[in-house]
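The values are calculated or read from the model by the stated rules, or taken from the named source; none is laboratory data. Quick caveat, the model's predicted, so the values are computed rather than measured. All Cβ positions, glycine included, derive from the backbone under ideal geometry; neighbour counts span all protein chains shown.
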Amino acid sequence: MMRFLVSAIVMLAVAVSVARAGPASVAGPALVALNRCNGQTINDSARHLLEYERRPASGGSTQLLQRYGLLADLAMALGEEREILDSVCTDQTQRDALFAQIGALSAWALALESDVSPKLNASCAAAAKGLPTMMLADAWLALADVVNDQGGKVPSSVANVEPKVRTRAVALGLELPSWRNTSAYWRDQVQTKAKAEIATCPSQSPSAAPTSTKS
């Protein structure tokens with residue numbers, strides 16, 4: 001079975017302090033929730049992604065792998081932030097809005113990663129197409145999950161990212177289903193087909209193979 005080489009990335013630490021020694025601990029969980037539910041971490045992530053989008057992927061393999069790793073770090077941090085907010089944000093409306101932003105930004109990060117992968121795998125056409133296809137399938141699922149969780153409503157955060165994913169998918173020939181028909185099963189089918197095509201590449205494993213964001 002072919003082994004996929006995932007580029008080494010540095011884990012982005014998300015510092016969470018629920019209780020601190022000294023006067024700060026007097027504020028208690030309510031203040032922690034207030035501070036964490038303001039979307040600051042999400043806004044910081046959006047700013048970083050905008051910077052990456054304004055600066056297209058370029059350079060040698062070292063620079064490209066570094067960019068890929070930083071984007072993967074950012075996506076991982078967003079996933080961790082979602083878990084944190086799920087435990088500290090009690091207002092359902094506020095939490096849904098934050099989760100929508102996280103889903104959209106995660107899809108954006110995957111779309112930007114999909115720009116890097118073909119450059120790292122230019123020596124094999126199957127990998128240069130298959131790996132970004134896998135990433136975009138994950139990205140589309142991330143957006144669809146937000147829309148479906150909100151009963152079909154498309155939040156502005158999703159509407160802003162949708163064309164970024166759709167344009168790249170069209171360029172690769174990836175047909176995107178409707179929100180309602182998008183599922184983990186669809187994503188897995190796309191990725192299974194892509195993996196089979198990538199397996200025809202020479203023995204050297206493709207770089208920056210994606211990992212599914214949601215099962």
Counted residues, the range 93-132 - those being without any contact (Cβ under 8 Å) to a residue 60 or more places away in the chain and in a loop (DSSP other than H, G, I, E, B): 1
Which condition does Val161 not pass, out of (1) of a type in the set (A, V, I, L, M); (2) over 25 Å from Arg54 (Cβ atoms); (3) crowded, with 19+ Cβ neighbours inside 10 Å, if it passes all the others? (2)
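Listed here are the residues, each with its yes/no results for (1) crowded, with 18+ Cβ neighbours inside 10 Å; (2) at pLDDT 90 or above; (3) in contact with a Ser or Thr (Cβ under 9 Å, 6 or more places away or on another chain).
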residue: Ala27; (1), (2), (3): no, no, no
residue: Leu31; (1), (2), (3): no, no, no
residue: Leu34; (1), (2), (3): no, no, no
residue: Gln40; (1), (2), (3): no, no, no
residue: Asp44; (1), (2), (3): no, yes, no
residue: Arg47; (1), (2), (3): no, yes, no
residue: Gly59; (1), (2), (3): no, no, no
residue: Gln66; (1), (2), (3): no, yes, yes
residue: Gly69; (1), (2), (3): yes, yes, yes
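Quick check: is even one residue across the range 98-119 out of contact with any helix residue (DSSP H, G or I) (no Cβ under 8 Å at 6 or more places or on another chain) and farther than 19 Å from His48 by Cβ? It would help to see each step written out before you state the result.
Within the range 98-119, the subset out of contact with any helix residue (DSSP H, G or I) (no Cβ under 8 Å at 6 or more places or on another chain) is none.
For the range 98-119, residues out of contact with any helix residue (DSSP H, G or I) (no Cβ under 8 Å at 6 or more places or on another chain) and farther than 19 Å from His48 by Cβ: absent.
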Of residues in the range 85-105 being of a type outside the set (D, E, K, R) and surrounded by fewer than 16 Cβ atoms within 10 Å (Cβ to Cβ), the one farthest from the chain's Cα centre (by Cα): Thr90
Residues Gly60, Gly79: which one is in contact (Cβ under 8 Å) with a residue 40 or more places away in the chain and not polar (S, T, N, Q)? Gly79
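Before we move on, is Val146 under 14 Å from Phe99 (Cα atoms), assigned to a loop (DSSP other than H, G, I, E, B) and not aromatic (Phe, Trp, Tyr)? Spell out the reasoning first.
Numbers: under 14 Å from Phe99 (Cα atoms): yes; assigned to a loop (DSSP other than H, G, I, E, B): no; not aromatic (Phe, Trp, Tyr): yes.
Taking the combined requirement at face value, the residue does not satisfy it.
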Val88, sole failed condition from (1) at pLDDT below 90; (2) under 26 Å from Ala126 (Cβ atoms): (2)
